[in-house]
Amino acid sequence: MAVTSVSHVWTQVIKPSGLPQFPADVPITITAPEAVDVEQLILGGATATLFVGSIDNTKIVSCAFHSSAANVFFHTPSQSLNLSTAKALGWNNQMPATATNPITAPMTSVVVDNSANPTTGTTFRMSVLVQP
């Protein structure tokens, strides 16, 4: 039986004002045999519970979370994370030790809170790579 894997490709690009864009970093590819990928539209003013199976935070090797709208929170059973600037929140196990996994406990669901945007929906995306 062939073993398949899923991956996240990480790269960094810096575009300073007043200078040409810096060359992009060499991409880092993080692979794992399992992924949890979610994409869900959350209506304006709504909160949604998304069941994500059983994710052991100690087995995460890469994760990314994003909301298309600002001021969106997502809650795991043990913590709340703010996607207030409509930017991705991400981590991988190749980052320096000072960058820690934002998921600090196992999770089975994510609650996405878009109540701060009563008339604007948001597309919430998450992708988590885990080792068995």
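Please enumerate the residues belonging to region 1-45 that are hydroxyl-bearing (Ser, Thr, Tyr), modelled with pLDDT of 90 or more and surrounded by 10 or more Cβ atoms within 10 Å (Cβ to Cβ).
Selection gives Ser7, Thr11, Thr29, Thr31.
Does Val36 satisfy being in contact with a strand residue (DSSP E or B) (Cβ under 6 Å, 6 or more places away or on another chain), within 22 Å of Val9 (Cβ to Cβ) and either part of a helix (DSSP H, G or I) or not aromatic (Phe, Trp, Tyr) (or both)?
yes
Go through the residues of region 91-98 one by one and say whether even a single one is modelled with pLDDT under 95 and of a type in the set (Gly, Ala, Ser).
Within region 91-98 (the criterion being modelled with pLDDT under 95 and of a type in the set (Gly, Ala, Ser)), the answer is yes, since at least one residue qualifies.
So Ala70 passes all but one of these: (1) in contact with an Asp or Glu (Cβ under 9 Å, 6 or more places away or on another chain); (2) surrounded by 15 or more Cβ atoms within 10 Å (Cβ to Cβ); (3) in a loop (DSSP other than H, G, I, E, B). Which condition number does it fail?
(1)
Just the residues that are farther than 15 Å from His66 by Cβ and hydroxyl-bearing (Ser, Thr, Tyr), please, taken from region 80-132.
Hits for region 80-132 are Ser80, Thr98, Thr100, Thr104, Thr108, Ser109, Ser115, Thr119, Thr120.
Do we find a residue being acidic (Asp, Glu) and either surrounded by 15 or more Cβ atoms within 10 Å (Cβ to Cβ) or in a loop (DSSP other than H, G, I, E, B) (or both) anywhere in region 52-60?
Yes.
Taking Thr104 as the residue in question, decide whether it is more than 23 Å from Val6 (Cα to Cα) and part of a loop (DSSP other than H, G, I, E, B).
Here the answer is no, as Thr104 does not meet what is asked.
Going by what's in this entry, would Ser80 be described as surrounded by 13 or more Cβ atoms within 10 Å (Cβ to Cβ), touching a strand residue (DSSP E or B) at 6+ places or on another chain (Cβ under 7 Å), of a type outside the set (Phe, Trp, Tyr) and modelled with pLDDT of 90 or more?
Taking the combined requirement at face value, the residue does not satisfy it.
I'd like to verify a number: residues in region 79-95 that are more than 14 Å from Gln12 (Cβ to Cβ) and either of a type outside the set (Ser, Thr, Tyr) or not in a loop (DSSP other than H, G, I, E, B) (or both), how many?
Qualifying residue count for the region: 8.
The values are calculated or read from the model by the stated rules, or taken from the named source; none is laboratory data. None of these values were measured; they are calculated from a predicted model. Here Cβ is always computed from backbone atoms with ideal geometry, including for glycine, and neighbour counts include all displayed protein chains.
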